[in-house]
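Taking it in order: structure first as structure tokens, then the write-up.
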Amino acid sequence: MKKLYLETFALSLLTSTSVLAADVYVKDIKVEGLERVEPETVISYVNIKKGQTTTDDKLNTALKDLYATGMFEDVAINVTPAGTMIIKVSENPIISQVLFDGNDKVDDTMLESEISLTPRSTYSRSKVQDDVRRILEVYRRSGRYATVVNPEIIRRDQNRVDLIFNIDEGPLAVIDKINFIGNEKYSGKELQEVIMSKESRWYRIFSSSEHYDAEKTNYDKELLRRFYLKKGYADFRVVSAVAELSPDKTSFTLTFVIDEGKKYNIGDVDIISDIADVNADDYRQFIEVETGERYNSDSIDRTVSILTEELGKKGFAFVDVTPEIAKNTSTGKADVTFHIKEGARFFIDRINIRGNTRTQDKVIRRELRIEEGDAFNVSKIKDSRRNVENLDYFEKVDINTNAKDGNRADLDIDVTEKSTGYFNVGIGFSTVNGALVRTGVTENNFQGLGQRLGFDVAVSERSKDFDVSFTEPYFLGRRLRAGVDLFYSDQDYQDESSYDSKVTGGRLRTGWNYTDDFSQQVRYTLKQDEITDVGEYASQYIKDEKGKYTNSSVGTTFVYDKRDSVLYTKDGYFLSVGADVAGAGGDEKYVKFDGKAYWYKTLADYYTIKLFANAGTIQGYGGEDVRLTNRYFLGGYTMRGFEVAGIGARDKYTDDALGGNWMVYTGAELGFPIGLDELGISAHVFTDVGMIGKPDGINADDVYYSDTPRVSVGFGFQWLSPMGQIDVDFGFPIVKEDYDETEVFRLNFGSRL
């Protein structure tokens, strides 16, 4: 079509210029071929009038001007020897209707809003080609790069046409491969967890992360930068990010070329002030950056936020706290100076939130550190953006300042929402529970209110678990997490202790953060424990506990989490301490304390050492012993190399495990790659040490028992599979008692800290 247009234009141009050998005086002008357009309109465009002399250049210009109007599909201009200029035109038809065929993924309304041609407008080939390009761009934005658009014309009477865009939408272009070049410290698998774009996999059928999006790739560059700056690589930069489209236009190869740079530790830390009334020394106590620690942009940003907030409390609204970094590449030290200066003196007039079609405004506004009427503050705006991004409801968050008259400005917050619901299903096998099926549905932004609603079901040969949970992140309009859980569990312990256990109950909980790393949770639990199907030859101690018991308890847990990553932990530590008291109603009375400690350190960026310790104790009061279902058991994924409940007091006559009233489980593990990072498979070697105390109310003559430490060593593999974490361990006890139950091989479907 475009070729025909150019040929017609060239032919007409040759016709118009070939008749003139010299300048000609135009005595008359005639227009032929008109149907709707008036002759005067045509003559006005050629800019040549009767009584004027015309030239080749003027005729060429007139011809181009007539084509440029878009009203004609063919034009010819000739001047007769007698001086009559004849303009022959073929009018473009009028469009009767515009139709789309084959568009299942993009509706007509969207396409109509993008194209320029409409019913009753003038048809032209150039406009059709422009609209084809616009339609293709719509499909590219939705991830369909193989789309083909063929325009079709159906001619009607009275020089009218129907315009039909025949569309072959083609498949979504997915990201087939993501490459990282220049990454020496972190594997491609680890970096893929950092960015939003993901390689296409069958289990991502409900996710848009595998679809290529240029804007998402730009955001990925920012995410990579933040990741490395947190890890100490202050010189990190993304050299390039290139997306290569496959020949069939159905997939992309995404390649990030990065320069990790040098890793820095903090050198000297200082604070200075350019404001006369601000004594910098008064604010040193708020600096969270310490000499000798790893450079971490988050710690620096937090310090800027804290200093800004503290200065604001003292009445200094217009301040700008700037971290100035002086890096020494030879020593690997980065000196940090927090510079307090005068800030811009204007106020926020309005905060406009756009793009949140599902998420309610208040969910976003409550994360902002700045409000309408506040003094403009760069640090608070930066914190606001980080908080909104951390909600994980949006693919992209942009905050821009729109200056107004005087000393006021609007804050425009543009967000792009993403899916916040998740459906998971897993099929696996465990040496403890046998074949199992696990499924769940989670919505992290329920009804656009930021609430979390989840439902999980796990069924295996030996167990059935059901759990429904709901969490409100802003309880009573404050930064308090509040939630409720309903649960049911049916466990088969026939192999270990000749009984089955059923637990039905619920939990109310609330929690809050003291800092980004330090949090507390308070809970109240009401449940019914039932011991059923006690075997005929079961231990008398188990027979005595057959039946239903009500447990009413309150508890709290403090958590301090300094891990660099929850999923791929390489450095940092995790601490938690909890306490529960039962007896506020119900049949059971006890006090329980638990603690966990984990420490991680990566050597040579490949070998990760994990040291861990778990301990707990439970004691009855008011003359009540601790019942079987509340005791500690060791073995299985706690104390590898031993069966579940394989360590601890055991009935001499029935061999049933009876648990214990206290427990210590500790050890060390060294994880390392085996060349299968792309598949999420790694290996580890370990040493486990554990001991367990004697249960209450047990006659020592009836049981085998020893609280001496047991020790095992072994090796294993971990697979972060699409269905969840799968652990395969081979454990070998080297210190044990004769009556302990041991095992060499264990396969566990699930995850552990």
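The values are calculated or read from the model by the stated rules, or taken from the named source; none is laboratory data. What you see is a predicted model; the values in this text were computed from it and never measured. Please note: Cβ atoms are built from the backbone with ideal geometry, for glycine as well, and neighbour counts cover all protein chains shown. Ligands, DNA and RNA are excluded from the accessible area calculation, which covers all protein heavy atoms including side chains. Shrake-Rupley method; radii C 1.70, N 1.55, O 1.52, S 1.80 Å.
Tabulated data
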{"read-out": "Radius of gyration, Dmax [segment 111-186; alpha carbons; angstrom]", "value": "18.7, 72"}
{"read-out": "Options 62, 455, 475, ranked by Cα towards positive dipole end of the chain, top entry (Cβ charges)", "value": "62"}
{"read-out": "Helix-only CD estimate at 222 nm, as mean residue ellipticity for the chain, using -39500 (n - 2.57) per DSSP H run (n ≥ 4)", "value": "-5000 deg cm²/dmol"}
{"read-out": "Kirkwood hydrodynamic radius over Cα pairs of the chain, then Stokes diffusion coefficient at 25 °C and 0.890 mPa s, in µm²/s", "value": "75"}
{"read-out": "The chain, accessible surface, carbon-and-sulfur percent (1.4 angstrom probe)", "value": "51"}
{"read-out": "Karplus 3J(HN,Hα) series, Hz, for segment 666-677 with 6.51 cos²θ - 1.76 cosθ + 1.60 (x for Gly, Pro)", "value": "9, x, 9, 9, 10, x, 7, x, 10, x, 10, 4"}
{"read-out": "Net charge dipole size for the chain [Lys, Arg +1 and Asp, Glu -1 on Cβ; Debye, nearest 20]", "value": "1860"}
{"read-out": "Residue (of 128, 111, 165) at the positive-pole extreme of segment 21-178, dipole from beta-carbon charges", "value": "128"}
{"read-out": "Segment 329-403 versus segment 77-95: alpha-carbon centroid distance in Å", "value": "63"}
{"read-out": "Part-to-part distance (alpha-carbon centres) for segment 267-324 and segment 626-640, which is given in Å", "value": "49"}
{"read-out": "Selection from 534, 547, 593 lying farthest towards where the dipole of segment 490-610 points positive, charges on Cβ", "value": "593"}
{"read-out": "By accessible area with a 1.4 Å probe, ligands and nucleic acids excluded, highest first: order of 621, 537", "value": "537, 621"}
{"read-out": "Surface accessible to a 1.4 Å probe, per residue, for the residues of the chain, Å²", "value": "49"}
{"read-out": "Total formal charge among the other residues, if their Cβ is under 12 angstrom from that of residue 400, Lys/Arg +1 and Asp/Glu -1", "value": "-2"}
{"read-out": "Charge sum, other residues only, whose C-beta stays under 11 Å from residue 191's C-beta, Lys/Arg counted +1 and Asp/Glu -1", "value": "-3"}
{"read-out": "Long-range lysine pairs (8 or more apart or interchain), segment 194-320, Cα under 20 Å", "value": "12"}
{"read-out": "Nearest-20 debye value, segment 145-220 charge dipole, Cβ charges on Lys, Arg, Asp, Glu", "value": "60"}
{"read-out": "Pairs of lysines in segment 476-605 (C-alpha under 16 Å apart; 8 or more residues apart or interchain)", "value": "11"}
{"read-out": "Vicinal HN-Hα couplings computed from phi for segment 489-504 (Karplus, 6.51 cos²θ - 1.76 cosθ + 1.60; Hz; Gly/Pro x)", "value": "9, 10, 10, 9, 10, 4, 5, 8, 9, 6, 7, 10, 10, 10, 10, 10"}
{"read-out": "HN-Hα J in Hz across segment 52-67 - Karplus 6.51, -1.76, 1.60, θ = phi - 60°, x for Gly and Pro", "value": "9, 8, 10, 10, 4, 4, 5, 5, 4, 5, 4, 4, 5, 5, 5, 5"}
